Amino acid sequence: MATTVALHYSVAGEGTPVVLLHGFPLSGAIWHEQQRRLKDRCRVIVPDLRGHGSSPAPRGVYDMDLLARDVLALLDALQVAKAVIMGHSMGGYITLAAWRLAPERFLALG
């Protein structure tokens, strides 16, 4: 089993954690406007997924469970026990994989 990587991310705001996951082959930059608009109501966490944007791109196969474990490890590093996690395109598949791995970490999904 491949190990997780430390994802590059941005955080804005305070309150309920909301994680926004981008699709392939994009980066967290696609969520800039949503992060700007939501930051007054919640803590918006926007990672660049493994192999995208400014996150590491180690060799190997990036299956959805591995990408989901990266996101869950990011939440651990940020000391976030539960979050709303939403994904666009491939980010949606990663959201579902994370829910299968750790449903107790979700406040909601989208």
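The residue list His32, Pro103, Leu21 was ranked by how far each Cα lies along the charge dipole of the chain toward its positive end, using unit charges on Cβ atoms, and His32 comes out on top. Taken per residue, the accessible surface of region 4-99 reaches 51 Å², heavy atoms only and a 1.4 Å probe.
Stretching the chain fully between Ala81 and Arg36 yields a gain of 13.9 nm (0.36 nm per residue, less the alpha carbon separation).
Normalised radius of gyration (Cα atoms, divided by 2.2 N^0.38 Å) for the chain: 0.96. Axis angle, to the nearest 10 degrees, between helix 90-101 and the longest C-alpha principal axis of the chain: 90 degrees.
For Leu109 and Leu96, the difference between the fully extended length at 0.36 nm per residue and the C-alpha to C-alpha distance is 3.9 nm.
For region 48-101, the spread of Cα positions along the three principal axes, ordered from largest to smallest, is 30, 22, 18 Å.
Accessible surface of the chain, 1.4 Å probe: 56 percent of it comes from carbon and sulfur atoms.
The residues packed around Pro17, meaning those with a beta-carbon under 14 Å from its beta-carbon, carry a net charge of +3 if Lys and Arg are +1 and Asp and Glu are -1.
Label positions at Ala57 and Ala12, each projected 7 Å from the Cα along the C-beta direction, are separated by 2.6 nm.
The values are calculated or read from the model by the stated rules, or taken from the named source; none is laboratory data. What you see is a predicted model, and the numbers here were worked out from it, not measured in a lab. For neighbour counting, all protein chains shown are included, and Cβ atoms are generated from backbone atoms with ideal geometry for every residue, glycine included. Heavy atoms of the whole protein, side chains included, go into the accessibility calculation; ligands, DNA and RNA do not. Shrake-Rupley method; radii C 1.70, N 1.55, O 1.52, S 1.80 Å.
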